[in-house]
Each structure stands twice: as C-alpha cells, then as structure tokens.
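Below is one structure, written out as structure tokens; comments come after it.
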Amino acid sequence: MEEFAILLGEHFVKTYPQVTGSEITIIEKPWEPYRINGKIHHHGFKLGKGSHFCEIQVSKNKPTVVCSGLEGLSVLKTTQSGFEGFVRDNYTLLPEVRERILATEVLSVWCYKSKPSCYNKAFETVKQILLDVFFGPPDAGVYSPSVQNTLYLMGERVLQRLPEIESIKLSMPNLHFIPVNMPKVGVEFNHDVYLPTDEPHGTIEASLTRKNWSRHSKL
C-alpha cells in the first residue's frame with residue numbers, strides 16, 4: 001500500500017500547479033481467511049477476533065442473572081449469498097439477487113439458565129457455532145438467502161447445542177461492498193475492486209428464547 005500511497009500523492013502534486021505537497025494516510029484492514037479444523041475456507045474471511053463481555057445482575061431477593069456476549073467480530077463471504085424471498089408491495093423497488101458479497105459485524109448476547117462447567121469454554125463454543133453456521137463447510141460453504149435467515153439459524157444452533165443457555169440475541173447490520181466502475185473515464189473492473197461502506201443499512205436483529213423462559217432462572 002506504500003506504493004499506492006506514493007502514486008496517489010504524486011498525482012495531486014503533479015496534476016495541479018496550485019498544490020505544493022500532499023499527505024496520504026492508508027490504513028489496512030487485515031481480513032484473514034477463516035479456517036475450520038485447520039482447513040482454509042473457500043470464500044470466508046474474518047476481521048479481528050471479537051471481544052468477550054458479560055452482563056451480570058445480582059439481587060438480594062432474586063437469583064443472579066448471568067449473560068455473556070461477543071462483539072466486534074466482522075465476517076465476510078465473497079459468494080454463496082443473496083437477498084430474496086422478502087415481502088414485496090407496491091412500493092418495493094429493490095430487486096432480488098442470488099449473488100453478492102455478504103459482510104457484517106456480529107454482536108451477540110446470550111443468557112444462562114444454569115451454570116456451565118466453564119464460562120470461557122461456553123463462550124468459545126458459542127463463538128465457534130456462530131462462525132460455522134455463518135460460513136458453512138470449508139469446501140463449498142452454505143447459501144444464505146438473507147442476513148435475517150442466517151442470523152436466525154445461528155441462534156437456533158446455539159440453543160440446540162448448549163442446553164444451559166436460555167436465550168440468545170443477535171444483531172448483524174450489513175457492511176456493504178459496492179463494485180467500483182468508472183466507465184465515463186474508461187476505468188472498469190471485473191468485480192475485483194469494491195468500495196466498503198456501512199451506509200445505508202437497516203438494523204437486523206433476532207432474539208430466540210426457549211419455551212417457559214424465566215429471566216431469573218436459577219444458576
């Protein structure tokens with residue numbers, strides 16, 4: 001990226017006589033290939049490791065409430081994603097698509113109905129489940145018809161695998177990657193240059209709870 005920064009800086013200095021100097025700052029976001037059991041995923045990437053946090057409620061007269069969470073984990077699939085099957089009406093302009101980049105930042109909070117053998121181990125298990133459901137098998141992945149569908153399946157799998165968890169909430173806003181093309185100046189790319197942006201986006205959330213849930217389950 002240093003070479004690109006030099007090229008960009010020289011463009012402004014050499015093109016415009018009124019410009020005597022330029023300062024260029026570029027920050028790399030190191031997306032890493034996602035690995036499942038040591039095998040690199042065909043089209044899955046993640047940014048960062050995410051942060052483990054907890055929310056605790058302690059009361060004199062009620063059982064302690066323990067909730068854990070994951071935040072700040074960005075994930076991306078370069079294929080096997082679309083947006084289709086959504087409700088349409090007279091005002092719907094958005095076309096359905098079956099091929100797009102899917103990227104989001106995962107925020108998840110889950111509450112326990114019973115104490116796990118180890119909170120750290122439970123956190124790592126939940127994190128692994130969320131990632132595995134999002135990406136699918138390393139060779140072929142899994143098709144996502146929408147973020148809404150995928151985050152529901154992620155939460156559902158957590159409740160299926162960990163009986164000590166009573167409820168889980170996920171929030172996964174879209175991180176858009178828009179293809180860049182500038183045909184008016186003779187520059188066109190073959191779907192390999194994208195502009196990242198998180199605007200505009202909607203709030204995409206899901207909350208899943210077991211039947212007969214109590215906020216004050218005994219720990």
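Take the residues in the stretch 200-213 that are loosely packed, with under 10 Cβ neighbours inside 10 Å and at pLDDT below 80, then tell me which one is farthest from residue 175 (Cα to Cα). Working first, answer last.
Applying the first criterion (loosely packed, with under 10 Cβ neighbours inside 10 Å) to the stretch 200-213 yields 200, 202-203, 211-212.
Of the ones still in play, those that are also at pLDDT below 80 are 200, 202, 212.
Working: 200: 9, 202: 10, 212: 35 Å.
The qualifying residue farthest from residue 175 (Cα to Cα) is 212.
Give the residue that is most open to solvent (accessible area, probe 1.4 Å), with candidates limited to residues of the stretch 106-128 that are assigned to a helix (DSSP H, G or I) and farther than 26 Å from residue 204 by Cβ. Steps first, answer last, please.
Step one: list which residues in the stretch 106-128 are assigned to a helix (DSSP H, G or I), which gives 119-128.
After this cut, where a residue has to be farther than 26 Å from residue 204 by Cβ as well, the list is 119-121.
Details: 119: 69, 120: 99, 121: 134 Å².
For the stretch 106-128, the residue satisfying everything is 121.
Filtering the stretch 134-153 down to residues that are buried (at least 18 other Cβ atoms within 10 Å of the Cβ) and aliphatic (A, V, I, L, M), which residue is farthest from residue 207 (Cα to Cα)?
147
Which condition from (1) touching a strand residue (DSSP E or B) at 6+ places or on another chain (Cβ under 6 Å); (2) open to solvent by less than 80 Å² (accessible area, probe 1.4 Å); (3) not aromatic (Phe, Trp, Tyr) is the one that residue 55 breaks?
(2)
I'm trying to understand the selection: among the residues of the stretch 66-105, which are in contact with a strand residue (DSSP E or B) (Cβ under 9 Å, 6 or more places away or on another chain), surrounded by fewer than 18 Cβ atoms within 10 Å (Cβ to Cβ) and in contact (Cβ under 8 Å) with a residue 60 or more places away in the chain?
Of everything in the stretch 66-105, those that are in contact with a strand residue (DSSP E or B) (Cβ under 9 Å, 6 or more places away or on another chain), surrounded by fewer than 18 Cβ atoms within 10 Å (Cβ to Cβ) and in contact (Cβ under 8 Å) with a residue 60 or more places away in the chain turn out to be 74, 79, 82, 84.
Taking only the stretch 1-42 into account, find how many residues are aliphatic (A, V, I, L, M), open to solvent by 100 Å² or more (accessible area, probe 1.4 Å) and within 16 Å of residue 76 (Cα to Cα). Show your work before the answer.
Pass one, the stretch 1-42, residues aliphatic (A, V, I, L, M): 1, 5-8, 13, 19, 24, 26-27, 36, 40.
Those still in the list that are open to solvent by 100 Å² or more (accessible area, probe 1.4 Å) too: 1, 7, 27.
Now narrow it down to the ones that are within 16 Å of residue 76 (Cα to Cα): none.
Total satisfying the criteria: 0.
The values are calculated or read from the model by the stated rules, or taken from the named source; none is laboratory data. These numbers were taken from a predicted model, which means no experiment stands behind them. Don't worry about glycine lacking a Cβ; one is built from the backbone with ideal geometry, like all the others, and counts go over all protein chains shown. Only protein heavy atoms, including side chains, enter the accessible area calculation; ligands, DNA and RNA are left aside. Shrake-Rupley method; radii C 1.70, N 1.55, O 1.52, S 1.80 Å.
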